[in-house]
Amino acid sequence: MTEALERFSPTRTAGLERLQAFVPRAGSKYAARRNFDLGRDGHRGVSTLSPYLRARLVTEAEVLRAVLNRHSANTAEKFIQEVYWRTYWKGWLEMRPGVWRQYQSEVTSALNAVQTQSGLRQNWEAACRGETEIECFNTWAQELVQTGYLHNHARMWFASIWVFTLKLPWALGADFFLRHLLDGDPASNTLGWRWVAGIQTVGKTYLARPSNIERYTEGRFANITGLAPEAQPLSPPPTVERMAIPAMRAFDKKLRTGLIVHEEDLGIGHLLDQGIEPVATACIGTRDRLSPLAVAPHVPAFNKLAIEDTVQRFAPRLGDIADQPATPEDLMAWASEYQLEQIVTMYAPVGPTADVLAALSTGDAPPLVQVRRPFDTKAWPHATHGFFRFKAQIPKLLEQIG
């Protein structure tokens, strides 16, 4: 058992227990303490729910309802906005999937440069190992590698130092996070790094300042020297045109159905409660495809165990259950074996799982029906511009979740 899995048990029960423990602090205490990073054993100012939300072992709607049962929307405003930041990022990328392709291309180009530039390779490896001359950066790098988690404020400082002080390619920093974060996903991770680098909101960067770090670590890191005094935005890539959120189709309860369970949304009770009765269930994992490099073992392990927890809870309603390689060919063979007439799954947003499902839907497999949650369907279309325009919709969105 790795330290990451000891800290974040990959079960719904663990996620709900963490939510219950946090709810009393979700109001004014969260607003006052959310920016303080007190080290790997001092994250009580934030919820640390993100690994569970990432896999939807616990959903955003559940979290928001629990918080609003204890606090007013005004008192819990900062936490509510933080939940919706993840929703906003997902909706923004869902309407611009080409940005994810751009990022993947940048990672490939940067890795090619690492192979040919020895100085770049040495600096990149030192940063990944936490062996630079910047103590706070090294501490965060090692915490991330060992625990699979990093405080959000520390993520911003880390990214800023990576880009503007160490002068490393931003895409390799985003890749480093994806290879180690339990909550890493293509939307919030990629777009967060782009924002720090000044290419998400073009020209707007984030600069890590010694005084800010000292204040919000309560002196853990004092007298910091060597940080970049300014943050000049990087040159932005070509603009990707916005597209509409993909339309959804309905499934047919009368057809012989197979269910695909994946780590993008493990809330399959949402499907079963709508009346599907699968004859077979295929469990797939794609977190090891988030990077062309080796992903930290705790990342796919968390998701494999989270899938097992989900399947165990719903096993009597899932038909024949099997782990399947996440390839269109293997899934088509599975569909043929069970003579499926349709395949149903929870919606997978932009990323490796969506790529597998897209390839499956163009083959000879039965029709694939992805079911998107109303929470996403109602919120994502508002992610057209910056977060502050999206934020204006939050009161209405809260009314819609009940």
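Table for the structure above
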read-out	value
Test result for L64, in a helix (DSSP H, G or I), closer than 24 Å to A208 by Cα, in contact (Cβ under 8 Å) with a residue 40 or more places away in the chain and not basic (K, R)	no
Selection from the range 157-215 of residues that are more than 23 Å from S235 (Cβ to Cβ) and among the aliphatic types (A, V, I, L, M)	L181, L182, I213
Candidate set from the range 332-351 (those that are under 20 Å from R372 (Cβ atoms) and open to solvent by less than 10 Å² (accessible area, probe 1.4 Å)); member that is farthest from the chain's Cα centre (by Cα)	Q342
Single residue of I224, I213, I199 found to be in a loop (DSSP other than H, G, I, E, B), out of contact with any Lys or Arg (no Cβ under 8 Å at 6 or more places or on another chain) and buried (at least 21 other Cβ atoms within 10 Å of the Cβ)	I199
Qualifying positions in the range 92-131 - more than 19 Å from A296 (Cβ to Cβ), among the basic types (K, R) and open to solvent by 70 Å² or more (accessible area, probe 1.4 Å)	R101, R121
Pair list, Cβ < 8 Å and 6+ apart or interchain, from the range 270-299 residues that are on the phi < 0 side of the Ramachandran plot and among the hydroxyl-bearing types (S, T, Y) to residues that are in a loop (DSSP other than H, G, I, E, B) and open to solvent by less than 10 Å² (accessible area, probe 1.4 Å)	T281/L318; T286/H262; T286/E263; T286/A326; T286/G351
Any hit, the range 34-45, residues being in a loop (DSSP other than H, G, I, E, B), touching an Asp or Glu at 6+ places or on another chain (Cβ under 7 Å) and farther than 30 Å from P352 by Cα	yes
Qualifying position, being assigned to a helix (DSSP H, G or I) and of a type in the set (A, V, I, L, M), among V356, V344	V356
Matching residues, the range 14-69, being open to solvent by less than 50 Å² (accessible area, probe 1.4 Å), out of contact with any strand residue (DSSP E or B) (no Cβ under 9 Å at 6 or more places or on another chain) and basic (K, R)	R25, R54
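The values are calculated or read from the model by the stated rules, or taken from the named source; none is laboratory data. Quick caveat: nothing in here was measured; it's all calculated off a predicted structure. Here Cβ is always computed from backbone atoms with ideal geometry, including for glycine, and neighbour counts include all displayed protein chains. When the accessible area is computed, the model is the full protein with side chains, heavy atoms only, and any ligands, DNA or RNA have been set aside. Shrake-Rupley method; radii C 1.70, N 1.55, O 1.52, S 1.80 Å.
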